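The block underneath contains the structure these notes are about, expressed in structure tokens.
Read-outs: derived from the displayed coordinates by stated rules, not from any lab. Just so we're clear, the structure is a prediction, and the values are computed from it rather than from any experiment. No Cβ is skipped: glycine too gets one built from the backbone with ideal geometry, and neighbour counts run over all protein chains shown.
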Amino acid sequence: MRRSRAPRVLRGALAASVATFTALLSHVVAGGSVPGAVGIAVPLILSIAVCVLLAGRTLSVWRLSIAVAVSQFLFHTLFVLGAGGAASTARAGH
């Protein structure tokens, strides 16, 4: 009998949503500009894809660590681009 993928997708989507909210909050608190809707949606969608792929059947510290690292890299890069590109990058001191 084939197991349902729903728990894996739910775990991945939940992890991606929490990671997106945390990264966005941290980005704004640190002085970054709030990205537009596309600047939030694109990293969220990419993060969901990464987190669902790495969710696996059971919780793994290694897979979770990789998912967080990849998501944070995507968030930082895409939030800066989504908030106005070069102008906000120079202002933010990157």
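Scoring 23-36, 64-77 by mean Cβ neighbours within 10 Å over their residues and listing the highest first yields 64-77, 23-36.
For the range 1-46, the convex hull drawn through the C-alpha positions has a volume of 57 cubic angstrom per residue.
With all pairs of different C-alpha atoms in the average, the Kirkwood value for the hydrodynamic radius of the range 1-78 is 12.9 Å.
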